[in-house]
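The values are calculated or read from the model by the stated rules, or taken from the named source; none is laboratory data. Fair warning: this is a prediction, and the values are worked out from it, not measured in the lab. Positions of Cβ are backbone-derived with ideal geometry, glycine not excepted, and every protein chain shown enters the neighbour counts.
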Amino acid sequence: MNTAAFKTLRALAVAAALWTAAAIAGPAAEADPAARVVMKDFMFAPAALTVKAGTVVSWTNQDNEPHTVASDAGVFRSGALDTNESFSFKFDKPGTYHFLCSIHPYMVGTITVEP
Amino acid sequence: MPDTPSFESRRKALKCLAYGGAGTLFTLAGGVLTPIELALAGSDPKAASLGRPLFVQISDTHIGFNKDANPDVNGTLKQTIELVNAMPEQPELIIHTGDITHLSRPAEFDLAQQMLGQLRTTELHTVPGEHDTSDATVTEYFNRFGKASNNKGYYSFDHAGVHFIALINVLQFKPGGLGTLGDEQLAWVAADLKSRSSSTPIVVFAHMPLWTIYEPWGWGTGDADQLVSMLRRFGSVSMLNGHIHQIVQKVEGNITFHSARSTAYPQPLAGEGPGPQPLKVPDDQLPQMLGVTSVSVVKHSRAFALRDSTLA
């Protein structure tokens, strides 16, 4: 692997982890996210979701196999989510965010954030 | 933290594993693998005639997994270690082809390291699986096993006249795609092989298969063809991987591809079910679906013998 790319990946991952920590710091954000995505049968459902800026999106793994949620652009990256574990991220900035499961990269999805 | 498996289920699993076992021995000569029946590791006289054991491949130990498919992955790894430690002649190296842990959690890595430390053979070489790099910061594996590769994930070494190449194909995933080696790693392999004689036996190991077994589940490496083309001039090449928790083999010229079993749980055959999830089999069938691979060097020749042993 390209060393520079790897360092970048890790730097992004660290940044994402810090942002994530901020995103899920409030218990309200975790308990009552405005938008939910589940991982079931090796798919994100819904695979495409449109939300307003400022929305907290949660992903919950309903499979017996761990999954992750990782933004292509390194904006967010969860750790491994075991069965029934969740990850949340608050989308403040409008745009299109593509993500995949880093364990099963054929699992893909998109969050579209509108102003 | 995950629930501890019940005493009852653990007792049941261990009872099933207590029955002795058969495995399969593969001799590799001129790039062709030939299976030979085998009793327990080391107890078959034919196995002894195949020369001294060079290394044992352990794969997909998934420490931290605790679901129905195997509620006691620690027990099955321990049994694997005992099987290896009981070999009359100890292998010189141990190779772990990844998914050491299930969730990349520090406690899982700590336990795995402690358990692998019980092997009588102390030289351990690893590559990470995607389960080992699934922490948000991708640091837990490298903090423990990154030294050999200067945190790059790929490295090579020589042992007993054999050239070993460890590769990483679980980091640069593209959406919907297969594993990736990447241009920098491929350029490094080209440089690493450049001055080597074509008669040097080569062993390449990585976590994900280095040939495409089933693309819809990502069972392959997208740019592995470039790697294979660099290896065609060599007389004996073994490409080893884990990831799919079952034995699949392919021979292409002098190159043998071999996918090892897991010590933790089996997975479905390609395309059966919604995805490559843990496969629950009847308890009495589990041991024969778990196992290790050992590779011996045949004296006075440039051939390997691959032997797959199950825990049954």
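When residues of the stretch B:188-234 are filtered for being more than 22 Å from B:HIS159 (Cβ to Cβ) and free of Cβ contacts under 8 Å to residues at least 24 places away in the same chain, how many remain? Before the answer, list the steps.
Our first condition is that a residue be more than 22 Å from B:HIS159 (Cβ to Cβ); within the stretch B:188-234, this holds for B:208-209, B:211-226, B:228-229, B:232.
Checking which are free of Cβ contacts under 8 Å to residues at least 24 places away in the same chain leaves us with B:225, B:229, B:232.
Matching residues across the stretch B:188-234 total 3.
State all residues of the stretch B:198-212 that are part of a loop (DSSP other than H, G, I, E, B), of a type in the set (Val, Ile, Thr) and more than 14 Å from chain A (Cβ to nearest Cβ); if no residue qualifies, say none.
Initial filter on the stretch B:198-212 (part of a loop (DSSP other than H, G, I, E, B)): B:198-201, B:206-212.
Keeping just the survivors that are of a type in the set (Val, Ile, Thr) gives B:200, B:212.
Scanning the stretch B:198-212 gives a single hit, B:THR200.
Given (1) touching a strand residue (DSSP E or B) at 6+ places or on another chain (Cβ under 8 Å); (2) within 8 Å of chain B (Cβ to nearest Cβ), identify the lone condition not met by A:GLU65.
(1)
Can you go through A:ALA17, A:ALA21, A:ALA45, A:ALA28 and tell me which one is modelled with pLDDT under 50 and surrounded by 13 or more Cβ atoms within 10 Å (Cβ to Cβ)?
Numbers: A:ALA21 fails: surrounded by 13 or more Cβ atoms within 10 Å (Cβ to Cβ); A:ALA45 fails: modelled with pLDDT under 50; A:ALA28 fails: surrounded by 13 or more Cβ atoms within 10 Å (Cβ to Cβ).
Answer to the check: A:ALA17.
Identify all residues within the stretch B:88-101 that are on the phi < 0 side of the Ramachandran plot and crowded, with 20+ Cβ neighbours inside 10 Å; write none if there are none. It would help to see each step written out before you state the result.
The first filter runs over the stretch B:88-101 and keeps only residues on the phi < 0 side of the Ramachandran plot, leaving B:88-97, B:100-101.
Matches in the stretch B:88-101: B:PRO91, B:LEU93, B:ILE94, B:ILE95, B:HIS96, B:THR97, B:ILE100, B:THR101.
Taking the condition of being part of a loop (DSSP other than H, G, I, E, B) and either closer than 19 Å to B:VAL237 by Cα or within 23 Å of the chain's Cα centre (by Cα) (or both), how many residues in the stretch B:160-197 meet it? Please lay out each step first, then the result.
At the first step, the residues of the stretch B:160-197 found to be part of a loop (DSSP other than H, G, I, E, B) are B:160-161, B:167-178, B:180-182, B:195-197.
From what is left, the residues that are either closer than 19 Å to B:VAL237 by Cα or within 23 Å of the chain's Cα centre (by Cα) (or both) are B:160-161, B:167-173, B:177-178, B:180-182, B:195-197.
Total meeting the criteria: 17.
Looking only at the stretch B:150-158, decide whether some residue is crowded, with 21+ Cβ neighbours inside 10 Å, away from chain A (no Cβ under 14 Å) and within 18 Å of the chain's Cα centre (by Cα). Before the answer, list the steps.
So in the stretch B:150-158, the residues crowded, with 21+ Cβ neighbours inside 10 Å come out as B:153-154.
With the extra rule that they be away from chain A (no Cβ under 14 Å), the set shrinks to none.
Within the stretch B:150-158 (the criterion being crowded, with 21+ Cβ neighbours inside 10 Å, away from chain A (no Cβ under 14 Å) and within 18 Å of the chain's Cα centre (by Cα)), the answer is no, since none of the residues qualifies.
Where residues in the stretch B:209-245 are among the polar types (S, T, N, Q) and surrounded by fewer than 19 Cβ atoms within 10 Å (Cβ to Cβ), which of them is nearest to B:THR101 (Cα to Cα)? Let's see the steps before the verdict.
Let us first name the residues in the stretch B:209-245 that are among the polar types (S, T, N, Q), namely B:212, B:221, B:226, B:229, B:236, B:238, B:241.
From what's left, surrounded by fewer than 19 Cβ atoms within 10 Å (Cβ to Cβ): B:212, B:226, B:229.
On the way: B:THR212: 24, B:GLN226: 29, B:SER229: 32 Å.
Among residues in the stretch B:209-245 that are among the polar types (S, T, N, Q) and surrounded by fewer than 19 Cβ atoms within 10 Å (Cβ to Cβ), the one nearest to B:THR101 (Cα to Cα) is B:THR212.
Within the stretch B:119-159, how many residues are in a loop (DSSP other than H, G, I, E, B), of a type in the set (Ser, Thr, Tyr) and in contact (Cβ under 8 Å) with a residue 12 or more places away in the chain? If you could, list the steps in order and put the result at the bottom.
Pass one, the stretch B:119-159, residues in a loop (DSSP other than H, G, I, E, B): B:119-123, B:127-139, B:146, B:150-154.
Cutting the leftovers down to of a type in the set (Ser, Thr, Tyr) gives us B:121-122, B:133-134, B:137, B:139, B:154.
Right, trim to in contact (Cβ under 8 Å) with a residue 12 or more places away in the chain and you get B:121, B:133-134, B:154.
Residues flagged as in a loop (DSSP other than H, G, I, E, B), of a type in the set (Ser, Thr, Tyr) and in contact (Cβ under 8 Å) with a residue 12 or more places away in the chain within the stretch B:119-159 amount to 4.
Residues in the stretch B:95-132 that are of a type in the set (S, T, N, Q) and touching a helix residue (DSSP H, G or I) at 6+ places or on another chain (Cβ under 6 Å): how many?
Going through the stretch B:95-132, the residues of a type in the set (S, T, N, Q) turn out to be B:97, B:101, B:104, B:113-114, B:118, B:121-122, B:126.
Narrowing the set further to residues that are touching a helix residue (DSSP H, G or I) at 6+ places or on another chain (Cβ under 6 Å) leaves B:101, B:104, B:118, B:126.
The total comes to 4.
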